[in-house]
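What follows is one structure encoded as structure tokens, with my remarks underneath.
Any read-out appearing in this document is the output of simple, stated calculations on the displayed coordinates, not a laboratory observation. The model shown is predicted, which means the values in this text are computed figures rather than measured ones. Virtual Cβ from ideal backbone geometry, glycine too; neighbours counted across all protein chains shown.
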Amino acid sequence: MTFTRRAANLVPIEDTVFAVVDLANKEAKRIGIENVVNASIGSLYGEDGTLVAFKSVFEHYDQIPDRTKAKYAASFIGNESYREQVYQWITQGANINLSHSVIATPGGSGAVSMTFSNILDAGETVILPNIAWGSYRLMATQNNFDVKTYSLFEENHFNLTSFKEVCSDVMNKQKKILVVINDPCHNPTGYSMTREEWDQVITFLNECSKEGPVIIIDDIAYIDYSYDIPQSRKVMEAFNNISDNVLISIAFSCSKTCTSYGLRCGAAVLLAKNADKVREVEIVFEKFARAIWSNIPNAAMDNFTWVTTDNYFSFMSEKQNYIDLLKQRSEIFLEEAKKIELPIYPYKEGFFVTVQCENNEQRDCIHDKLINHHIFTVKVNLGIRVAICSCTVEKTKGLATAIKLLMD
């Protein structure tokens, strides 16, 4: 007999990322931080080895009156100024001709979770990439969903064949598709899809939508660290070609964009051809927001709006410095990996690079060996995630070689 719902998963949660980060921190205290390579943290760290908190973001946040920070937001779906600015921000430079709505959420994870919880019924299937952020699967489990995965890569590009096979199979069985695509700056591989790849995905899903509704979650958490910011938005013009029975839910994260991980601010941006269908989903999302979290931090929303309008140039300049730093770190790692033939999943940009493993047994063995050599990374399906976002330039040098030696 249990006090929880009958279908509840009673296996204790073990977050592999936080567990490894904690282990790395303890090891740094034991032997000295200079003797530890911590490539596990999924947050932006500077060359001084400390968490980055943009001055262009937090100097203004510190000046926000206490009562503004203390008060409720204007609405449980978010302040109107914030909702409008989120849409302008994520579509800047792109010509999007779709009906839309924006619902404020606690981070990008809130946007993904909200969509999961309100699109499928228990027992139905959500489609995920086989290499992905682990919390997608946890969210599916919490909603009592089944999971089917598509193979993310075919050689060095998006695996459209596998994507089609899995989506077709799920549509045939349940006459509805909910599929997750994490693009651009995929976590954990750093892959970004081309416009051509997106066009192919949309064309195919339009065909699927003749049999039932199709909902795409595009998790854009790391979009503002693309090496080509304008192009990261232009690719979204592919969305204009969706059919009437396709809806897109974009998961946006202020946590990453503004280095404000703890403020828990993000948004779900709904896009569809038909305004009535957007409104239908919006109503359900509104009720979910009211019932689950009620309110998003008022000052966090106001600060994002100010930072990305009044303080735009200062913010973009500061952020670009760290994009350049990410590029420097990734080039060091990738060039070294190429020389020594360390297998890497196709990386284009972003916070993470992932080393390919033949299977998860090999992955576990390598991960343990790395820890024994004071190198901390994160296990993902068929790979080892290296967080270049948190690894200094100096500690990035030689890292690929160290991993390769432990693989042989």
Let me see the pair-distance distribution of the stretch 1-113: every alpha carbon pair, 10 Å bin width, integer percents in order. 9, 21, 26, 28, 14, 1
Fully extended, how many nm does the chain gain between Ser317 and Ile371 (0.36 nm per residue separation, minus their Cα-Cα distance)? 15.8 nm
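Express in nm, to one decimal, how much length is gained between Lys55 and Arg67 on full extension, taking 0.36 nm for each residue of separation and deducting their alpha carbon distance.
Values: separation 12, 0.36 × 12 = 4.32 nm, distance 2.20 nm.
Separation in residues times 0.36 nm, less the Cα-Cα distance, equals 2.1 nm.
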Just the projected area, averaged over all directions, of the convex hull on the alpha carbon atoms of the chain: how many nm²? 20.7 nm²
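Percentage of Cα-Cα pair distances in the stretch 267-408 greater than 24 Å, rounded to whole percent?
Details: 5421 of 10011 pairs.
Summing the P(r) of the stretch 267-408 above 24 Å gives 54 percent of all pairs.
Relative to the compact globular guide of 2.2 N^0.38 Å, what is the alpha carbon radius of gyration of the stretch 72-307, as a ratio? Show your work: numbers first, answer last.
Details: Rg = 16.5 Å, N = 236, 2.2 N^0.38 = 17.5 Å.
Cα-based Rg divided by the globular estimate yields 0.94.
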Where trypsin sites (Lys or Arg not before Pro) fall in DSSP loop in the stretch 152-190, at most 16 other Cβ within 10 Å: Lys175
Among Arg137, Arg6, Arg264, which comes first, second and so on when ranked by fewest other beta-carbon atoms within 10 Å? Arg6, Arg137, Arg264
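Return the FRET efficiency for the residue pair Asp364, Ser99: r is the Cβ-Cβ distance, R0 is 56 Å, and the value is rounded to the nearest 0.05. Numbers along the way, then the final one.
On the way: r = 47 Å, r/R0 = 0.84.
The computed FRET efficiency comes out at 0.75.
On full extension of the chain, what length is gained from His157 through Thr16, given 0.36 nm per residue of separation minus the C-alpha to C-alpha distance?
Values: separation 141, 0.36 × 141 = 50.76 nm, distance 2.74 nm.
Result for the pair: 48.0 nm of gain on full extension.
Please work out the Cα convex hull volume for the stretch 203-281 and give it in Å³ per residue.
Details: hull volume 7.8 nm³, N = 79.
Cα convex hull per residue, to the nearest whole number: 99 Å³.
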Å³ per residue of the Cα convex hull, for the stretch 252-300? 79 Å³
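Within the chain, which is the longest segment containing none of the chymotrypsin sites (Phe, Trp or Tyr not before Pro) that sit in a DSSP loop and have at most 16 other Cβ atoms within 10 Å?
On the way: sites that count: Phe3, Tyr72, Trp293.
Here the longest segment lacking exposed loop sites spans 73-292.
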